[in-house]
1. Heavy-atom accessible area per residue, the range 1-66, 1.4 Å probe: how many Å²?
2. Residue by residue through the range 39-44, what is 3J(HN,Hα) from phi via Karplus (6.51 cos²θ - 1.76 cosθ + 1.60, θ = phi - 60°)? Round to whole Hz and write x for glycine and proline.
3. So what does SER62 come to for accessible area, using a 1.4 Å probe and Å² rounded to 10?
4. Say a site is exposed when it is one of the GluC sites (Glu not before Pro), sits in a DSSP loop, and has at most 14 other Cβ atoms within 10 Å; what is then the longest site-free stretch of the chain?
5. Length gain on complete extension for the stretch THR18 to ARG37, per 0.36 nm per residue less the alpha carbon to alpha carbon distance?
6. Measure of size requested: the Rg and Dmax of the chain, with Cα atoms as the atom set and Å as the unit; please supply both.
7. Using only the Cα atoms of the range 51-99, what do you get for the radius of gyration and for Dmax, in Å?
8. In µm²/s, what is D for the range 1-80 at 4 °C and 1.567 mPa s, where D = kT/(6 pi eta Rh) by Stokes-Einstein and Rh is the Kirkwood radius from Cα pairs?
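The values are calculated or read from the model by the stated rules, or taken from the named source; none is laboratory data. Only a predicted model underlies this, so the values are computations on that prediction, with no experimental measurement involved. Methodologically, a virtual Cβ is constructed for each residue, glycine included, from the backbone with ideal geometry; neighbour enumeration extends over all protein chains shown. SASA here: full protein model, heavy atoms, side chains in, ligands and nucleic acids out. Shrake-Rupley method; radii C 1.70, N 1.55, O 1.52, S 1.80 Å.
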Amino acid sequence: MTAKDVAWDGHEGTAGGTTFGAALAEFAREREIDAERLAEASGLSGAAVADILAGSRRVGVSALAAFVQTLRTKPIEFLQKTGILGLEAYASGLDPLYFLPEGQIRYDARIYMREINPRHQVPEHDMTRRNAALKAIAEDEILDARGRIEVELAYLLRAAAQQTGGTL
């Protein structure tokens, strides 16, 4: 996989590639959101969004935050649905619970995943509210809704990129 094809390039701070574009297009279809609405929400031209969906253009965290908000989803779900936090990232060494702090919380989540309910995902809300940084972002009164999404995405992507050498 070349740098142009990786879903998230932590060195450049951009998302894109054919896998990302196709996954974003599918996610938008599931939510009944067309490319025009994604363009309007992100402040990008329709041609730019078409290029993103085709995999020939990359975007930064700000545009991703606009997509998250428009698709009415949470940052982690968006990252998973668009392939940024896909199987390749986990194969590259990303811990599925990377957003949890080391210690008892992460340990308890592992028990939940392995023993209590191995067929289901760890409840995102339950786990992310235990992360001090994510909790502080959610409670911040200065940032607007999109700003909170943008900061949360940047935090999650940076933490993931640290574990995988910069690309996902």
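1. 49 Å²
2. Ordered by residue, 3J(HN,Hα) equals 5, 4, 5, 8, x, 8 Hz.
3. Accessible area of SER62: about 70 Å².
4. 33-101
5. 4.8 nm
6. Answer for the chain, Rg first and Dmax second: 15.8, 48 Å.
7. Just the Cα atoms of the range 51-99 yield Rg and Dmax of 11.9, 32 Å.
8. So the translational diffusion coefficient is about 106 µm²/s.
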